[in-house]
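Asks: Sharing a structure below in structure tokens format, with a few things to ask.
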């Protein structure tokens, strides 16, 4: 089968790999029909995530058709159209039983700091991902979700990660009626976080980014105000002033490890491995939220440490909430929002790339070329 | 305010930086944007949100960290964190450790996740692995197509000026290296 293969920072190619096999009675093999490239895939692509091995296939956002199921999988059968949450979750452990499917303890032998994630380095379990024609899906009796007839593959693919993650970002921010919500990052997760903040009754939502085309899209898609921080000498000062010097009720970091806006953070977090990514967005979020407010983090950082003003967070009495999204938990509500016509996630898709051209797909997304917001990769059999 | 927050592109804000809706916090508590923003307020009830309660209480006695799940047979070498009490029942089998990078990874996994040495050793192993990948390609008679692997054609298509700048900088750098080598020889 054709599969994406990581060759080193900024290098990926398509190779032939054996079709994956059932390795556990709770496995399924899924033929991929859509796979997205996620902003967090770029951290792998840029070589920032420890234990990213040459030859691994990335891709944790995919949908497809069940080809084969293990002997203990009773809820799926070959031919079922499924979306597969990016978290690999056993459904039975201490954490899964609490609904924390993003923190499963039985899917990642390599680290306890993260649950298993498809195609996301050995730090997240060493699984091949879905940017391929076929993929092995462990615990297939827990994660995969049969796609309702009214939901097409594009919308389903965006429900494997980015929409539920954006939704959970707003939920963790505790948005309530009348709140002011500031979202850092106008990528897909930030856009869905902004939309979700409205669902939860926000009175004002603003998105901060540096790319004008993304901010323009954010104004149309997420109905929110925008700020291009490149046009402001001191974004924190401006954002405080915008919130009548009180500060924002909620701030959401939907950027993570490769934030721009601080030369020092970029040097120490991206160019040099002195911290686990540039934490500029989180730094600003802590500073601009009001005393007693909430900072919600869904932007991805590495496993070591980051320079953020934790003393300010203490003195301001902030609540900091963060997690990988528990997609399985959020999925039913996200699907309801699509079916109710509140949101059409596939509007964020800007590029449809044949799997064979994945090198260009990564470069376009990484370099923000051609006004790229969300690229979707399509295997040859699904192109027809 | 409702006009500003409308969904059509004609309603978008005129400039990227501007003041937002100025309303008092008291007025915000009674705000209703449901006529202008699709789905506004549909999840107002915080108790009905999927993340509430934050931790669902499992049945007493079922809170096992390692429930009895059938063990996947290990076909390849799998690294296990020292912070896991046992091997997880399921794991990925992509890219087993090999070569010098594999030895470095073996060493890294002796450290707990709280030790910087673990993560820095893994990142060193990643860089060594990249060199191993190139050597492996060449040993199998495959010269990596860097233009295709790096997606450089899209740079030419969508960012021609930057592409030409990079080519010029690379050309100057190569030229300087050649000049330096010649001057050393003479």
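The values are calculated or read from the model by the stated rules, or taken from the named source; none is laboratory data. These figures come from a predicted structure and were not determined experimentally. Neighbour counts are summed over all protein chains in view; Cβ atoms, including those assigned to glycine, are modelled from backbone coordinates with ideal geometry.
Asks: Within the stretch B:61-93, count every residue that is facing chain A (nearest Cβ under 7 Å), surrounded by fewer than 17 Cβ atoms within 10 Å (Cβ to Cβ) and more than 23 Å from residue B:108 (Cβ to Cβ).
Replies: So the count comes out to 5.
Asks: Would you check if residue A:281 is part of a helix (DSSP H, G or I) and touching a residue at least 40 places away in the same chain (Cβ under 8 Å)?
Replies: yes
Asks: For the stretch A:106-115, does any single residue satisfy the condition of being closer than 15 Å to residue A:60 by Cα, in the same structural domain as residue A:356 (by TED's automatic domain parsing) and in contact (Cβ under 8 Å) with a residue 40 or more places away in the chain?
Replies: yes
Asks: Of all residues in the stretch A:34-52 being touching a helix residue (DSSP H, G or I) at 6+ places or on another chain (Cβ under 6 Å) and crowded, with 24+ Cβ neighbours inside 10 Å, which is farthest from the other protein chains (Cβ to nearest Cβ)?
Replies: By that ranking, first place goes to A:34.
Asks: Determine the pairs where a residue that is within 8 Å of another protein chain (Cβ to nearest Cβ), located within the stretch B:41-52, has a partner that is exposed (fewer than 15 other Cβ atoms within 10 Å of the Cβ) and part of a loop (DSSP other than H, G, I, E, B) with Cβ atoms under 6 Å apart, the partner being 6 or more residues away or on another chain.
Replies: Within 6 Å, the pairs are B:41/B:34.
Asks: Do the conditions hold for residue A:29, that is, is it surrounded by fewer than 20 Cβ atoms within 10 Å (Cβ to Cβ) and out of contact with any helix residue (DSSP H, G or I) (no Cβ under 8 Å at 6 or more places or on another chain)?
Replies: Answer is no for this residue.
Asks: Quick check: anything in the stretch A:135-146 assigned to a loop (DSSP other than H, G, I, E, B), at negative phi, free of Cβ contacts under 8 Å to residues at least 60 places away in the same chain and within 13 Å of another protein chain (Cβ to nearest Cβ)?
Replies: no
Asks: Right, next: Would you check which residues across the stretch A:293-340 are closer than 20 Å to residue A:145 by Cβ, in a loop (DSSP other than H, G, I, E, B) and within 11 Å of chain B (Cβ to nearest Cβ) and list them?
Replies: Within the stretch A:293-340, A:323, A:325, A:326, A:340 qualify.
Asks: Is it true that some residue in the stretch A:5-23 is touching a helix residue (DSSP H, G or I) at 6+ places or on another chain (Cβ under 9 Å), within 14 Å of chain B (Cβ to nearest Cβ) and in a helix (DSSP H, G or I)?
Replies: Taking every residue of the stretch A:5-23 in turn, none turns out to be touching a helix residue (DSSP H, G or I) at 6+ places or on another chain (Cβ under 9 Å), within 14 Å of chain B (Cβ to nearest Cβ) and in a helix (DSSP H, G or I).
Asks: Keeping to the stretch A:118-133, report how many residues are within 23 Å of residue B:70 (Cβ to Cβ) and either part of a strand (DSSP E or B) or at the interface with chain B (Cβ under 8 Å from one of its Cβ atoms) (or both).
Replies: Final tally of qualifying residues: 6.
Asks: Could you tell me how many of the residues in the stretch A:44-75 are assigned to a helix (DSSP H, G or I) and modelled with pLDDT under 95?
Replies: Within the stretch A:44-75, residues that are assigned to a helix (DSSP H, G or I) and modelled with pLDDT under 95 number 0.
Asks: Could you list all residues from the stretch A:352-384 that are part of a strand (DSSP E or B) and either buried (at least 24 other Cβ atoms within 10 Å of the Cβ) or more than 17 Å from the chain's Cα centre (by Cα) (or both)?
Replies: Of everything in the stretch A:352-384, those that are part of a strand (DSSP E or B) and either buried (at least 24 other Cβ atoms within 10 Å of the Cβ) or more than 17 Å from the chain's Cα centre (by Cα) (or both) turn out to be A:352, A:353, A:354, A:374, A:377, A:378.
Asks: Are any residues in the stretch A:78-114 buried (at least 23 other Cβ atoms within 10 Å of the Cβ), at the interface with chain B (Cβ under 10 Å from one of its Cβ atoms) and not in a loop (DSSP other than H, G, I, E, B), and if so, which ones?
Replies: Selection gives A:88, A:96.
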